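Here the structure comes first, spelled out in structure tokens, and everything after it is commentary.
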């Protein structure tokens, strides 16, 4: 397959890079706007593969990819696995319950043992912020951060922006409103970095107890008023209330949260008429989002899921491509 | 080497207790300071050491270290800890009780003292626990600890969280003239935090600890000190709000003192990265806190510099930031950091620096030292303030390497350390330092 011939010369908002500079994808902040453009254009090409009768190309044949998930995940792991299989990589899933960590092995030793088996790419999910940086320091393999603690989840942000790009003509000046549990969201940081880098006007909204210290220094508007946040919004993205992380006293009840911050059809009328509603999933219906919105015409939530596969194929392809540069396909 | 009789000639002597800050000679006889003055007479049987360009100070006292023995000898031992101390210019250290077992019993105190005497390097002043097993439930036998050699009590690592327990401890120690040293931190406000709460924590996705977690307990302890008349010393103070509380307490005449660490006056949360050698408790604070500490060091509201030397094995620190233990080593970097960042940058004078490193720690702990007054033990820290140094963790005498300062280039070094007139350390990178101790 020759992806570059499919990539249109014309890009969305920016000049397109020819390759990714970084060996790993640990943080969205490592990507320049032109690299983001390259990922999007590549994902456009990759998406077509998913519509074929035989949804498989040999691009990563002979490459070994380990999906190393130290934290439970269903959709991210499935999405990566489908992406890897469509590119013909050999994949191996290692998840929480099969890990030596329960036997007392440290992350460094687990990584060194993996390294000794020479995988080409490690897709890594871990509960500790910065764990993917630790892994990348040790491993010769390319590392894709599939979520590290409360820090980042770069491919989620990429697929979110890729989905926005389908529906909006430009990112410049787009009002994107992110509502909910900011404190425990790794998707938030990645989305802020990415959307700010592309020129969007990002608003974040949360109860004061779930607001992030100093968040306005990211160049976003922060408010506890859902009405203000949603007014004239082009994109509304409620975040999941991460009930399993709520070890404190953040909201008195989910009922009160929904009353104050839930995305309902009535609230959505304040937004632009062509607003789209996104959700990184999994959703708590009736907590951060009403069912009639989740299933309504403004919702692009399932498109996000389909786009996730294409975007992850693009990232895998481009990261592997550094060492494949110059080779023929 | 035994120095029966030696005159250090022409050095710069800084001894704030005597109001000395200038060129002076020091005569040491049988391990004691015999005389300090200009142009001391030199007779034939006295060794004369050329002290020109060196700064002679009363020996530095680090009032907050963790020597890890008994129980955690893989991190540090008393022998390696005191070796690190003298290499860092400290003639004495006060060691915190969070060993295994906790130093909550005279038997543990005696064992620490026995091992430190065997090492024959720095003096070691044990700090006993406030409560049994530092659990916060029952006072230790403080009189016994005092009799065995403890100079203060603290549950360091854990705050004394119960206000009534703190009140009783402060009342009780008034009978023994010793301070209660508190690791001030409200446990509920700390929560699962690992770094200072602020933008850097947000950007890195690490849970935050606000400065107020510290200051609310400092405010409580200042009030309890006023109520009881007991002396409270705030360990490793890091937040500007805490400094404000200490200042208010001092103005009202409360018996409150405080120390700060070199890492809190050198680094801020902006230096944070995913490296557990930047993880300590209290965490690296905001620029405003660092600036407040610099102001407090300059104006005298901060009493002492202490390292909170907290050695950990490399395996313990080479893990995820969230899961790594808090703490960094400090004994072998403190003097160079302070000379470079405080003295050379004119934040404090040399004389004030000696107060912070020697005179005030001696006063707070009620231990000898802190001055070169004739008759006192010849415990001296000799500085080469213009010497350029590069911090190399692999050369530490400490067992541990957990420092964020590895590779830093600084101006100002320890040339030699004397305890009872013995050179317990000479810096072999400074050829003239050796001449201070060698017989011709």
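The values are calculated or read from the model by the stated rules, or taken from the named source; none is laboratory data. These numbers come from a predicted model, not from an experiment. Neighbour counts are summed over all protein chains in view; Cβ atoms, including those assigned to glycine, are modelled from backbone coordinates with ideal geometry.
For the stretch B:296-309, name all the residues that are outside any loop (DSSP other than H, G, I, E, B) and in contact with a helix residue (DSSP H, G or I) (Cβ under 8 Å, 6 or more places away or on another chain). It would help to see each step written out before you state the result.
The first filter runs over the stretch B:296-309 and keeps only residues outside any loop (DSSP other than H, G, I, E, B), leaving B:296-299, B:304-305, B:309.
Passing the criteria: B:296, B:297, B:298, B:304, B:305, B:309.
Just to check your reading of the model, which residue among A:268, A:243, A:254 is more than 14 Å from chain B (Cβ to nearest Cβ), modelled with pLDDT under 90 and surrounded by 15 or more Cβ atoms within 10 Å (Cβ to Cβ)?
On the way: A:268 fails: modelled with pLDDT under 90; A:243 fails: surrounded by 15 or more Cβ atoms within 10 Å (Cβ to Cβ).
Exactly one of A:268, A:243, A:254 is more than 14 Å from chain B (Cβ to nearest Cβ), modelled with pLDDT under 90 and surrounded by 15 or more Cβ atoms within 10 Å (Cβ to Cβ), namely A:254.
Quick one: which helices (runs of 4 or more DSSP H) sit completely within the stretch A:253-320 and have at least 2 residues that are under 18 Å from residue A:166 (Cα atoms)?
Values: elements: A:254-261, A:265-268, A:291-294.
Of the helices (runs of 4 or more DSSP H) lying wholly inside the stretch A:253-320, none has at least 2 residues that are under 18 Å from residue A:166 (Cα atoms).
May I ask you to list the residues in the stretch B:260-277 that are part of a helix (DSSP H, G or I) and within 11 Å of chain A (Cβ to nearest Cβ)? Don't jump to the end; show me each part of the working.
Of all residues in the stretch B:260-277, those part of a helix (DSSP H, G or I) come to B:262-266, B:269-271, B:276-277.
Within the stretch B:260-277, B:269, B:276 meet the criteria.
What helices (runs of 4 or more DSSP H) lie completely within the stretch A:76-186 and have 1 or more residues being more than 11 Å from every other protein chain (Cβ to nearest Cβ)?
A:107-116, A:154-167
Taking residue A:249 as meeting all but one of (1) surrounded by fewer than 18 Cβ atoms within 10 Å (Cβ to Cβ); (2) away from chain B (no Cβ under 14 Å); (3) touching a residue at least 24 places away in the same chain (Cβ under 8 Å), write down the number of the exception.
Of everything listed in (1) surrounded by fewer than 18 Cβ atoms within 10 Å (Cβ to Cβ); (2) away from chain B (no Cβ under 14 Å); (3) touching a residue at least 24 places away in the same chain (Cβ under 8 Å), residue A:249 misses just condition (2).
Give the residues of the stretch A:221-238 that are buried (at least 22 other Cβ atoms within 10 Å of the Cβ) and either assigned by TED's automatic domain parsing to the domain that holds residue A:132 or not in a helix (DSSP H, G or I) (or both), sorted by residue number.
A:233, A:235, A:236, A:237, A:238
Go through the stretch B:207-230 residue by residue and tally those that are buried (at least 20 other Cβ atoms within 10 Å of the Cβ), in contact (Cβ under 8 Å) with a residue 60 or more places away in the chain and either outside the structural domain of residue B:191 (by TED's automatic domain parsing) or over 17 Å from residue B:269 (Cβ atoms) (or both).
Number of matching residues: 3.
Would you confirm whether any residue within the stretch A:191-211 is more than 14 Å from chain B (Cβ to nearest Cβ), closer than 19 Å to residue A:300 by Cα, in a helix (DSSP H, G or I) and free of Cβ contacts under 8 Å to residues at least 60 places away in the same chain?
Checked the stretch A:191-211: at least one residue is more than 14 Å from chain B (Cβ to nearest Cβ), closer than 19 Å to residue A:300 by Cα, in a helix (DSSP H, G or I) and free of Cβ contacts under 8 Å to residues at least 60 places away in the same chain.
For the stretch B:310-325, which residues satisfy the criterion of being more than 9 Å from every other protein chain (Cβ to nearest Cβ) and either in contact with a helix residue (DSSP H, G or I) (Cβ under 6 Å, 6 or more places away or on another chain) or without any contact (Cβ under 8 Å) to a residue 24 or more places away in the chain (or both)?
B:317, B:324, B:325
Any residue in the stretch B:333-341 that is out of contact with any helix residue (DSSP H, G or I) (no Cβ under 8 Å at 6 or more places or on another chain), closer than 25 Å to residue B:246 by Cβ, at pLDDT 95 or above and more than 14 Å from every other protein chain (Cβ to nearest Cβ)?
To start, the set of residues in the stretch B:333-341 that are out of contact with any helix residue (DSSP H, G or I) (no Cβ under 8 Å at 6 or more places or on another chain) comprises B:336, B:340.
Now drop any that are not closer than 25 Å to residue B:246 by Cβ, which leaves none.
No, that holds for no residue.
Can you pull out the residues in the stretch B:386-426 that are within 20 Å of residue B:372 (Cβ to Cβ) and not in a strand (DSSP E or B)?
B:420, B:421
Restricted to the stretch B:180-206, and to residues that are within 8 Å of another protein chain (Cβ to nearest Cβ) and part of a loop (DSSP other than H, G, I, E, B), which residue is surrounded by the fewest Cβ atoms within 10 Å (Cβ to Cβ)?
The residue in question is B:192.
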